[in-house]
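Peer 1: Encoded as structure tokens, here's the structure I'll be asking about.
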Amino acid sequence: MSKLRSGIFLAPFHPVDEDPTRAIRRDIELVEWLDKLGYEEAWIGEHHSAGYEIIASPELFIAAAAERTSRIKLGTGVVSLPYHNPLMAANRIIQLDHMTQGRVMFGVGPGLLPSDAYMLGIEVAKQRDRMVEALEVILRLFKGETVTAETEWFQLNKAKLQLRPFSDPYPEVAVASSVTPSGGKLAGKHGLGMLCVAATNTAGYDALGINWEVANKVAAENGTTMNPSKLRLVGPMHLAETREEARQQVKYGFDKWRYYFGSINPMGIDTQEGKDPLDAMIESGQAIVGTPDDAIAQLERLQEKIPGFGAFLMLAHNWANFENTKRSYELFARHVKPKFHGANTAREESLAWATENSGEFIGAAMNAAMQTIAKHQAEEEAKTKSRGAAD
């Protein structure tokens, strides 16, 4: 059984009624907690407006988190490439590659919030094309090439990285993908990973197979193949010991998250008229609010859709308070991860073997005990006879 990696996709989502300094410090503490629990990945977002997603530089966050962790890999989720000169973006990632000693991953996208693009004077319609232009230059720079290039929005003259990557050949690169096939096309062309950020949303789930097929088709046209271990699926999840406890716990922050997410992207939430919004998300499969068994069922559903995908990333949504949030991640680590790592296969086989043969084993143990008792009695009788003969 291949090991399904797990992690988080940390936008983050912080309501505007709490202290932003404490919120960012808590995000760092969360990544530390995940590192202790054995999670493999954490991806950190970049946003510049709308008040909730308050990490403007995932690179800065990763630099801080890397010094407080030892194993977990840290990715930009994502760097919005149209907002950055490609040489500057490449230099920051390679510096992080050295600072983290190979634990950084480079997630890229066109930019999610139209309000960010508006402030920068970028036409939304041009964002995907600019992402492609920037990424193709960055990949050349990662490979050690000297690049001269000019587009309508950047110019490079004999640009070259002064640091070679720490990673061999360079940090893993993944492109954001949701409903449209653009991410799959770009991933297929360059053999990149994919971050399917809406994998459990109805539209995103329906598009998973199509976009993965597109990526594989484009990869074949370019003489390469897609590696499913580099495919990451994102979805919201909160776990507790019972479904009732889980539902009670998410009352803490679900409505605030829904208000924000529905405001910036009304298509991003599954709704049904007349139905409780949380019920609608659970019934559609967009969210899991329940037990580790419910989480296992969700991952198995995704595996049926895309067999062999590499990692499931829980959307870090802050629906519950911090202690219950940490507990949710702990329950996943204790009861869900082992299922998809085959960690308990040998233990289960050993228990079944011992149970099936318990009659034989207990009989042998009882027989051994009776033999020991009989031997003791015989020794005592011999001692008694010996003392009688001496008298």
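The values are calculated or read from the model by the stated rules, or taken from the named source; none is laboratory data. Everything numeric here is computed off the predicted structure, so don't read it as measured data. All Cβ positions, glycine included, derive from the backbone under ideal geometry; neighbour counts span all protein chains shown. Surface accessibility is based on the protein's heavy atoms, side chains included, excluding ligands, DNA and RNA. Shrake-Rupley method; radii C 1.70, N 1.55, O 1.52, S 1.80 Å.
Peer 1: At a Cα cut-off below 17 Å, give the aspartates and glutamates reachable from LYS256, other chains included and same-chain residues fewer than 8 away excluded.
Peer 2: ASP17, GLU18, ASP19, GLU53, ASP270, ASP276, ASP279
Peer 1: Moving on. List, largest first, the extents of the alpha carbons of the chain along their principal axes, each in whole Å.
Peer 2: 116, 55, 43
Peer 1: If you place +1 on the Cβ of every Lys and Arg, -1 on the Cβ of every Asp and Glu, and leave all else neutral, what size is the dipole of the chain about its Cα centre, to the nearest 20 Debye?
Peer 2: Details: 42 positive and 50 negative charges, 200 e Å.
Value, rounded to 20: 960 debye.
Peer 1: Select from GLN101, LEU135, ALA90 the residue farthest towards the positive end of the dipole of segment 84-141; place +1 on Cβ of Lys and Arg, -1 on Cβ of Asp and Glu, and compute about the Cα centre.
Peer 2: Checked the options; the winner is GLN101.
Peer 1: Could you work out the mean projected area of the convex hull around the alpha carbons of segment 313-390, in square nanometres to one decimal? Please list the in-between numbers first.
Peer 2: Working: hull surface 41.9 nm².
Orientation-averaged projected area of the Cα hull: 10.5 nm².
Peer 1: So, one more: Most fluctuating residue of TRP33, TRP353, TRP212 in a GNM of the chain with Cα springs under 10 Å: which is it?
Peer 2: TRP353
Peer 1: Take segment 1-118, drop everything but the C-alpha atoms, weight them equally and run the Debye formula without solvent; then report log10 I(q)/I(0) at 0.21 Å⁻¹ to two decimals.
Peer 2: Each listed q maps to, in turn, -1.20.
Peer 1: How much of the accessible area of segment 244-324, in percent, comes from carbon and sulfur atoms when a 1.4 Å probe is used? Intermediate values should be presented prior to the final figure.
Peer 2: Details: 1840 of 3920 Å².
Carbon and sulfur together cover 47 percent of it.
Peer 1: What value, in deg cm²/dmol to 500, does the helix sum -39500 (n - 2.57) over DSSP H runs of n ≥ 4 give at 222 nm once divided by the residues of the chain? Please list the in-between numbers first.
Peer 2: Details: 15 runs with 193 residues, N = 391.
Calculated from helices alone, the mean residue ellipticity at 222 nm is -15500 deg cm²/dmol.
Peer 1: For the chain, modelled as a GNM with alpha-carbon contacts under 10 angstrom, which of ALA215, ALA365, ALA320 fluctuates the most?
Peer 2: ALA365
Peer 1: Could you list the square roots of 5 times each eigenvalue of the Cα gyration tensor of segment 128-177, that is, the equivalent ellipsoid semi-axes, sorted largest first and rounded to whole Å? Intermediate values should be presented prior to the final figure.
Peer 2: Values: eigenvalues 74, 57, 7 Å².
Listed largest to smallest, the semi-axes of segment 128-177 are 19, 17, 6 Å.
Peer 1: Turning to a different aspect of this structure: Under 5 Å between amide H atoms, partner at least 5 residues away or on a different chain: which partners does ALA174 have, H built in plane at 1.01 Å?
Peer 2: PHE106, GLY107, VAL108, GLY193
Peer 1: Give LYS3/LYS36; LYS160/LYS185; LYS143/LYS326; LYS158/LYS217; LYS185/LYS326; LYS36/LYS126 a once-over and call out the pairs whose C-alpha atoms are over 30 Å from each other.
Peer 2: Values: LYS3/LYS36 18 Å; LYS160/LYS185 27 Å; LYS143/LYS326 40 Å; LYS158/LYS217 34 Å; LYS185/LYS326 37 Å; LYS36/LYS126 42 Å.
Long pairs (Cα-Cα over 30 Å): LYS143/LYS326; LYS158/LYS217; LYS185/LYS326; LYS36/LYS126.
Peer 1: Counting only heavy atoms of the protein chains, get the accessible area per residue of segment 48-198 (1.4 Å probe) and round it to a whole Å² value. Provide the component values of the computation, followed by the final result.
Peer 2: On the way: 6620 Å² over 151 residues.
Per-residue accessible area for segment 48-198 comes out at 44 Å².
Peer 1: Do you know the relative contact order of segment 104-211, to the nearest whole percent, from alpha carbon pairs under 8 angstrom that are 6+ apart?
Peer 2: On the way: 127 pairs, mean separation 24.9, N = 108.
Rounded, it is 23 percent for segment 104-211.
Peer 1: Taking the Cα centre of segment 55-136 as origin, sum charge times position over the Cβ atoms of Lys and Arg (+1) and Asp and Glu (-1), and report the length of that vector in debye to the nearest 20.
Peer 2: 320
Peer 1: Of MET366, MET131, MET99, which has the largest mean-square fluctuation in a 10 Å C-alpha GNM of the chain?
Peer 2: So, out of MET366, MET131, MET99, the one fluctuating most is MET366.
Peer 1: In whole Å, what are the Cα extents of segment 185-308 along the three principal axes, biggest one first?
Peer 2: Answer, in whole Å and largest first: 51, 31, 20 Å.
Peer 1: Here's something else I'd like to know. Scaled to the compact-protein estimate 2.2 N^0.38 Å, what is the alpha-carbon radius of gyration of segment 67-150, rounded to two decimal places? Intermediate values should be presented prior to the final figure.
Peer 2: Working: Rg = 14.0 Å, N = 84, 2.2 N^0.38 = 11.8 Å.
Ratio of Rg to 2.2 N^0.38 Å for segment 67-150: 1.18.
Peer 1: Can you work out the Karplus-derived ³J(HN,Hα) for every residue in segment 314-326? Use 6.51 cos²θ - 1.76 cosθ + 1.60 with θ = phi - 60°, whole Hz, and x for glycine or proline.
Peer 2: 7, 5, 7, 10, 6, 6, 10, 5, 5, 5, 5, 5, 4
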